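Down below is the structure, laid out as structure tokens.
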Amino acid sequence: MKNIKTYHFLFIAVIISAMSCKKLTEKPISFVEPENFYTTPSQIEATFAGAMNRLWDYWGGYGYGMGNFVNDDQYDGGDLVIGNNHGSDLWSAHYAAILNLNSAIRAMNAGNLGASATPEELDVLMGQAKFIRAFNYFMLVRMFGDIPLITETTENPTTAEIVRSPIADVYALIVSDFTEAAAKLPRKWDAFPGRPTSGAAKGLLAKTYLTMATYPMNDPSNYAKAADYAGQVIQEGDYSLVHNIEDVFSVATKYGPEMMWSFNSNYADINTDPQIYRPGLLEGWGDSRVQIEWEQAIPETPRKNAYVLTELNGVKYPDWESDQTPFIKKFMYDSQDDYDNYSSIMSMPIIRFADVLLIYAEAANKANGAPTQDAVDAINLVIDRANGYAPIAEHPLLTTAMSVEDFDEAVIEERNQELCFEYDRWFDLIRKKDSNGESYLKLKTIPAFQPNYSDDDLLFPIPDADIELNDKMTQNPGYTN
Amino acid sequence: MTKFIRSVIMLAGMLIFINAVNAQDRKVTGTIVDDEDGQPLAGVSVLVKTTKIGTSTGADGQFTINVPQGKNQLEISYAGYATQTINVDRESTLTLRLAKDLSELGEVQVVAYGVQKKSDLTGSISTIKGAELKQIATQRVDQALQGRAAGVLVLNTDGQPGGNTTIRVRGMNSINGGNNALVVIDGLQGGNLNSLNPNDIESINILKDASATAPYGAQGANGVLEITTKLGRVGKPIIGYNYTFGLAQLRKKLDVMGAADYAKTINASVMTRNGSGQTPVPIFSDAEIANYEKNGGTDWQDVIYRSAPMHNHELSVSGGTENMRYLVSGGYLDQDGILVNSSYQRFSLRTNIRAEINNWASFGLNWAGSKETGNSPPYGSADISFLGNSVNVAPRWPATEPVYDEDGNYWVHRLGYGPSDTWNPLASAMEPKIDNNLVRNNLNAYLNFEILQGLTLKITGGANIDNTNNQIYHNQKTYEGKQNTGLGISTENTFRRYQNSNILTYDKEVNKHHFTIMGVAEQQYSKYKFSSIRASVFTVDATGASDLGGAAIRTLSSDENDRVLNSYLGRINYAYDEKYLLTASYRADGSSVFGANNKWGYFPSASVAWRASQEEFIASLGIFSELKVRASWGITGNQAIGPYQTLARISSGANYPYNGTEGTDLGFFVLNAANPDLKWESTAQTDIGIDVGLFNGRLNVTADYYRKKTTDLLMPRGLPGYTGFSSIIDNVGSIENKGFEFAISGDPMVGKVRWNSSFNISTNKNKVLDLGDLDRIGYRTTKGGYSVNTPFMYLVKGEPFGQIYGYKYLGVWGTDKTSEAAAFGQLPGDPRYQDTNGDGAINSQDLTVIGNSFPDFIFGWSNRFSYGDFDLTFLIQGSKGNDLFNMGRIRLENPGEGTSARLLDRWTPDNQDTDVPGFIEAKTREEAALESKVSISGDQRISRWVEDASYIRLKNIMLGYNLPVSLAKRFKINNLRVFVSATNLVTITDYTGYDPETSAYNVNDAQIGVDFSNYPQSKYYNVGLNLQF
């Protein structure tokens, strides 16, 4: 019996030693936790790609026409009726981007990159992070008004008490981020034409100031700042207009000289099916149609022919067999092969030189109290190209003789035509008011929908989930929760 | 009543034994063999009835006994076998087959981490013997379970050989955590039923109530299948060989139109397009139709389905000495599927060894390996477009389309009618090259020490190692291949699981007190690795997935995770005087996947039972051989959390061409927020039950009522969007299951004709109590293209699983209801929907419950008759009250496209007694100028497609013949049995799809209940033989 007892103790010992060999603490294998990430420049850069991914997604974010955004007077169906929860996808995508960018900024501030980046390299990384974050907030603040301002210093937002910050605070962050980006980013990326530059930062900073000069911030002192930054971009000469209006949107000019920063697609990472932009006659799905009244109101120019599809094989759209509306030609530059493969490689400009010229014209006119020669020259570059460098009576060049109001209205109209379908028109409509204080959104919307207008339409609703899950969140006027 | 039954049975017995008058002492010799394998049984007790004269069989199974004058009955009894009385008035030599008793009370039963006398059980456990599994000629254990045990729902959701089944023990406890029962094979947890050869199984015990499952703690909530495999018997080696040949056929075809009918129907549909003054032109000319009438067309279901053969070989050697017992068995199953280009092969090998080292130590080793290979064209919810899914498109392709064109290429559907966007069904079936391989290794070894009298220590170590290697190639003759210029997918994964259990048991009897105290310390570790390549744009179509380097676009992914479960278990069984029984257990599980603040879960259980039949006042009645009342309560868990779900995670895969260069750029992002509080789902279950045995155990009844409440369901809890997340996994939901189970089994006839019969029926009522911050969760179970653009399968607070929501279809407006129809802007012949809220319009406010996909009750009735050397077994099982959303009909009955023969029964003024809408001319509609109040714009979430899928099925019938032992001996074999059998021979159902058990979307149980292009069920005919020598 003795050796049995020995066995007994032996095996108890075996059990005890065996039980202690596997710990319950988890150490992930196929991924890392956030505290172990953001430690090298390539990880920071991967965060930038990750932040952009959801904003320009296959069928998501801004990748599927206006579906997730809002139809303005250019898109068919822009009836000004915005339902509850509209825009929540974009809200989520922007805040997901901000979450990731904040994590990267926090890590860089904490010195987590250590020796893997020189101070100069760190500056360039920080410039990109701030640039992309500012872009996200610039979109959010214009859509939603007062919003939660989550930055790298915000404690865990999933558990912290979060309230909406006034737009002034949000704009302050946007200005600060774009300013820092303009100082830290290079003027040109030789090998990486898709990355943001100091010029793009200045262009967007100019656009931010211009927006701050108009509704709802209404601070005219910002016109001069907008003109200053737009002027710097023009002076620096890093960007220029594409000469031929037909070539502005093409594979060859996706990264310049006019395009300054865009949502990018290529064969390795295609965007939404190009079918959404084409009419049924071109075997498209007809998802994104142009408002007939809008098309009829704009003058016949080479630009209209380049940007808007009104005719196929000599037949005008009212006589087409199906989809009897104009379509967006700007985004039809994918080849038939790409089309057949359901792979669009189109890019969507976020800031381009024509925009900067028009920002400058608007801002300089307003800052100066009258159109300056520089302002006139800037906008005329755009008009001249639109006209194919030949005079068109219905679309004349502007002069310094115009009144400040007439000139301003002409600039907005030029923006309407030049920047059509680029997620820009809506923001012009809500920030501009005429001399009687009437919103452009009411004035420019097609007559059939004008009775739908109310001041509540100037903001998107705060998403349902945010209202329901956080008692401190308030809703924008005109929405029912 | 009881008296009457007894009298009848006695009378029957007397009739059989009546002509027994004999004058002198006779010498009777005989051989007793096992009914199943014909092996001689040693030590069988042979007693001359009503005397004390007895003997027992020797090692060769033989006995000799003197039967005195006037006696003519022998009682043959043997532990584990049914006692049999035989008449020996004439024979002086006889051979008797002794059958295993399927409901022996005295036997020991496998429970969690041990065995227990069946009479001492306090929990609810159903047992299925290996012999029962053999009554059905299936080679799959999961399928053989169907209809055998109360409370166990088996759904054969697809009919592919080697395909999937869904097994639910007592309902659905979880939404996202999975509801599969834990499979324990010879003590090794986490086993898989598919790889098991049914021939190797000794018994399957289904642990159902908390008292039985709580010892498995965080893995026990969905019930446990405890499987014990066979071991050889002491004696000379026995070689067994079984062979089955089977033929599978499509159980039923969908009723579709012939070519001429189809052409006429298309024309009729086209001719309705006469609006706006247009004059439509028929698509098919009269001459074409005449030709179709004369020559017919293609029967596409015949093109892709076939009669498919199956061969199954099993070879085993078993035997043993006093110190060593063994079983080595191998199997080879080669089965073609009824869908062309589908098949399944399984090689399996098992070695079980048990050795007695000395009188206090023993050793056991079980090793089982299997290799499964299989292929099938994609079907159901497979990850390809349904446009190239052969099961989907075959019935949809009209008979007017030939299989090939003049050049022998696959025919392309003509434009202008029919499903012209879909791919040739035969090409869709034949061209995909699918090669799936799965190798499993299960190893389990133990050492058992009897340290002191009654004190044993069992140390086990086991491992499951599974390797999967799948290669798929869709060449450019397939839809998917055409879209992608060739699509190849190669997947590899390995799963390894190790388990060490250390079980200390102390068993002690003091007077009338019987204690069993057990302590277990256990650890489990598992690791999973996965890698996959998805490649497209192939330059050479012929090489396919064998040369992924030849593809222009490749997407790579891989994953790896591991998990640890450390557990301690204590259990006490106490019985007083075999009357009062008590079991209590307590398990602690420390799991790595739980949140940092909740690493340990605790799972108690307690149960009591009273064996009233042991009380004098009951025993003296002489009615009950068993009368036991049981009650149990306990908590079990479901560690439904995947590894690392409690951690914040940086994920790859958010690539974006940030740099603006040729390629894309790697994008990483924060996938989810951490939740260190996350814990297991926990199910509290109460069960009360009763076991009744009558007529000396010839009739047994078991009934149970249970109630389960599962809380802390793992579900996404919504987060405000500004957090950057949409949700976080949290313990928020709650679900309740209540049910009743009833099983009765008995031996109504025990004479020359023996009849064993058992019947079970069970109900389960299920209710979603809480969904966190949601009131309902909808599932859009569709691949698109079926006008079902919003969810229709719903989980709704306060309602059961499987709710189908939609518009109630009331048939077709008749001409007698013209004005009522006009109020909705409809014409006679238009579909009629229920205006649920009575507002005079049909819109989304009229959505209502139109069906439920889970049954009210399920039942099974199995029977075995034997007469001499013949036996007949059959199983009838069924399900009542379950609905299926027959999604395929949406396109099959779509005017201008559909092939369904139902379209011939469409509404016309002369055929109003139908629910198929008419083809209404556009001109008629224009002239009526009605304003439609039906604004569901083609939404097909309508009850027209919801069908009652209740069914009764002759699941299996088998007739066997055993060569008489005397004859067998002449051929030097122990036993030869031949049989014929059929599976799914008769099914009675109103369901019109291929099969009422199908389900295409089984990601979670809320989505069960949609019939969409799933591999149809087969009918099987088998012949086979079992040989032992």
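Scan segment B:874-917 for residues that are under 21 Å from the mean Cα position of the chain (by Cα) and of a type outside the set (Lys, Arg) and report the count. Talk me through it step by step, then tell me what you get.
Going residue by residue through segment B:874-917, those that are under 21 Å from the mean Cα position of the chain (by Cα) are B:874-886.
Subsequent filtering for residues that are of a type outside the set (Lys, Arg) retains B:874-879, B:881-886.
Of the residues in that region, 12 qualify.
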Query raised in the report: Is there a residue being in a loop (DSSP other than H, G, I, E, B), more than 27 Å from residue A:143 (Cβ to Cβ) and modelled with pLDDT of 95 or more anywhere in segment A:403-419?
Result: yes
Query raised in the report: If you check every pair at least six apart or on different chains, which have Cβ atoms under 6 Å apart with a residue in segment A:40-62 that is within 11 Å of another protein chain (Cβ to nearest Cβ) and closer than 19 Å to residue A:350 by Cα first and a residue that is part of a strand (DSSP E or B) and hydroxyl-bearing (Ser, Thr, Tyr) second?
Result: A:49/B:656; A:52/B:656; A:53/B:656
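Residue-by-condition table, conditions (1) in a strand (DSSP E or B); (2) over 30 Å from residue A:22 (Cβ atoms):
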{"position": "B:467", "(1), (2)": "yes, no"}
{"position": "B:472", "(1), (2)": "yes, yes"}
{"position": "B:481", "(1), (2)": "no, yes"}
{"position": "B:497", "(1), (2)": "yes, no"}
{"position": "B:503", "(1), (2)": "yes, no"}
Query raised in the report: Within segment B:760-780, how many residues turn out to be within 22 Å of the chain's Cα centre (by Cα) and surrounded by fewer than 18 Cβ atoms within 10 Å (Cβ to Cβ)?
Result: 1
Query raised in the report: From the residues in segment B:617-670 that are outside any loop (DSSP other than H, G, I, E, B) and of a type in the set (Gly, Ala, Ser), which one is nearest to the other protein chains (Cβ to nearest Cβ)?
Result: B:651
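Collect the residues in segment B:586-616 that are of a type in the set (Phe, Trp, Tyr), within 14 Å of chain A (Cβ to nearest Cβ) and part of a strand (DSSP E or B), keeping them in residue-number order. So that I can check it myself, show each step before the final result.
So the first thing to find is which residues in segment B:586-616 are of a type in the set (Phe, Trp, Tyr), and the list is B:586, B:594, B:600, B:602-603, B:610.
With the extra rule that they be within 14 Å of chain A (Cβ to nearest Cβ), the set shrinks to B:594, B:600.
Within segment B:586-616, just B:600 meets the criteria.
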Report task. Kindly check whether there is at least one residue in segment B:548-562 that is more than 30 Å from residue B:480 (Cα to Cα) and either assigned to a strand (DSSP E or B) or more than 10 Å from chain A (Cβ to nearest Cβ) (or both). Result -> yes
Query - Sole exception among (1) within 14 Å of another protein chain (Cβ to nearest Cβ); (2) free of Cβ contacts under 8 Å to residues at least 24 places away in the same chain; (3) under 30 Å from residue A:249 (Cβ atoms) for residue A:471, by number - result: (3)
Report summary line: Here the qualifying pairs (Cβ atoms under 9 Å; residues six or more apart or on different chains; first in segment B:201-220 and on the phi > 0 side of the Ramachandran plot; second modelled with pLDDT of 90 or more and of a type in the set (Ser, Thr, Tyr)) come out as B:217/B:567; B:217/B:602; B:217/B:636
Query raised in the report: Checking residue A:466 against (1) in a loop (DSSP other than H, G, I, E, B); (2) within 30 Å of residue A:63 (Cβ to Cβ); (3) not hydrophobic (A, V, I, L, M, F, W, C), which single condition isn't satisfied?
Result: (1)
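Here is a yes/no grid of residues against (1) among the basic types (Lys, Arg); (2) more than 26 Å from residue A:62 (Cα to Cα); (3) over 20 Å from the mean Cα position of the chain (by Cα):
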residue	(1), (2), (3)
A:345	no, no, no
A:349	no, no, no
A:360	no, yes, no
A:366	yes, yes, yes
A:372	no, yes, yes
A:405	no, yes, yes
A:410	no, yes, yes
Query raised in the report: Of the residues that make up segment B:440-457, is at least one within 14 Å of chain A (Cβ to nearest Cβ), in contact with a helix residue (DSSP H, G or I) (Cβ under 7 Å, 6 or more places away or on another chain) and under 30 Å from residue B:384 (Cα atoms)?
Result: no
Report summary line: For segment B:192-229, the count of residues that are part of a helix (DSSP H, G or I), more than 21 Å from residue B:641 (Cβ to Cβ) and among the polar types (S, T, N, Q) equals 2
Requested in this report: Would you point out the residue of segment A:451-465, among those that are over 22 Å from the mean Cα position of the chain (by Cα) and touching a residue at least 12 places away in the same chain (Cβ under 8 Å), that is surrounded by the most Cβ atoms within 10 Å (Cβ to Cβ)?
Outcome: A:465
Requested in this report: Give segment B:829-868 a look and list any residue that's in contact with an Asp or Glu (Cβ under 9 Å, 6 or more places away or on another chain), in contact (Cβ under 8 Å) with a residue 12 or more places away in the chain, buried (at least 20 other Cβ atoms within 10 Å of the Cβ) and part of a loop (DSSP other than H, G, I, E, B), or say none.
Outcome: B:853, B:854
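If you check A:125, A:140, A:149, A:101, which single one turns out to be within 13 Å of chain B (Cβ to nearest Cβ), at pLDDT 95 or above and assigned to a loop (DSSP other than H, G, I, E, B)?
Working: A:125 fails: assigned to a loop (DSSP other than H, G, I, E, B); A:140 fails: assigned to a loop (DSSP other than H, G, I, E, B); A:101 fails: assigned to a loop (DSSP other than H, G, I, E, B).
After applying the criteria, what remains is A:149.
Taking residue A:90, is it more than 10 Å from chain B (Cβ to nearest Cβ) and either over 20 Å from residue B:650 (Cα atoms) or surrounded by fewer than 22 Cβ atoms within 10 Å (Cβ to Cβ) (or both)? Lay out the reasoning, then the answer.
Values: more than 10 Å from chain B (Cβ to nearest Cβ): no; either over 20 Å from residue B:650 (Cα atoms) or surrounded by fewer than 22 Cβ atoms within 10 Å (Cβ to Cβ) (or both): yes.
Taking the combined requirement at face value, the residue does not satisfy it.
Of the residues B:806, B:811, which single one is surrounded by 19 or more Cβ atoms within 10 Å (Cβ to Cβ), in contact (Cβ under 8 Å) with a residue 60 or more places away in the chain, in contact with a Lys or Arg (Cβ under 6 Å, 6 or more places away or on another chain) and not assigned by TED's automatic domain parsing to the domain that holds residue B:76?
Numbers: B:811 fails: surrounded by 19 or more Cβ atoms within 10 Å (Cβ to Cβ).
After applying the criteria, what remains is B:806.
Based on what the data block shows, is residue B:420 without any contact (Cβ under 8 Å) to a residue 24 or more places away in the chain and small (Gly, Ala, Ser)?
Details: without any contact (Cβ under 8 Å) to a residue 24 or more places away in the chain: yes; small (Gly, Ala, Ser): yes.
Judged against the criteria, residue B:420 is a match.
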Query raised in the report: Inside segment B:766-789, can you point out the residues that are in a loop (DSSP other than H, G, I, E, B), touching a strand residue (DSSP E or B) at 6+ places or on another chain (Cβ under 7 Å) and over 19 Å from residue A:465 (Cα atoms)?
Result: B:781
Report summary line: residue B:722 fails exactly one of (1) part of a helix (DSSP H, G or I); (2) of a type outside the set (A, V, I, L, M); (3) surrounded by fewer than 16 Cβ atoms within 10 Å (Cβ to Cβ), namely (3)
Query raised in the report: Before we move on, is residue B:731 outside the structural domain of residue B:76 (by TED's automatic domain parsing), over 28 Å from the mean Cα position of the chain (by Cα) and surrounded by 20 or more Cβ atoms within 10 Å (Cβ to Cβ)?
Result: yes
Query raised in the report: Can you pull out the residues in segment B:167-187 that are in contact with an Asp or Glu (Cβ under 7 Å, 6 or more places away or on another chain) and not in a loop (DSSP other than H, G, I, E, B)?
Result: B:167, B:184
**Report entry** Hits in segment B:933-971 - residues which are in a loop (DSSP other than H, G, I, E, B) and farther than 28 Å from residue B:135 by Cβ
**Finding:** B:933, B:935, B:936, B:937, B:938, B:939, B:940, B:941
Report summary line: (1) under 30 Å from residue A:470 (Cα atoms); (2) more than 8 Å from chain A (Cβ to nearest Cβ) all hold for residue B:693 apart from (1)
Query raised in the report: Exactly one of (1) exposed (fewer than 14 other Cβ atoms within 10 Å of the Cβ); (2) within 11 Å of chain A (Cβ to nearest Cβ) is unmet by residue B:539. Its number?
Result: (2)
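The values are calculated or read from the model by the stated rules, or taken from the named source; none is laboratory data. This structure is a prediction, so every number in the text was calculated from the model and none was measured. Cβ: placed from backbone, ideal geometry, glycine included. Neighbour counts: every protein chain shown.
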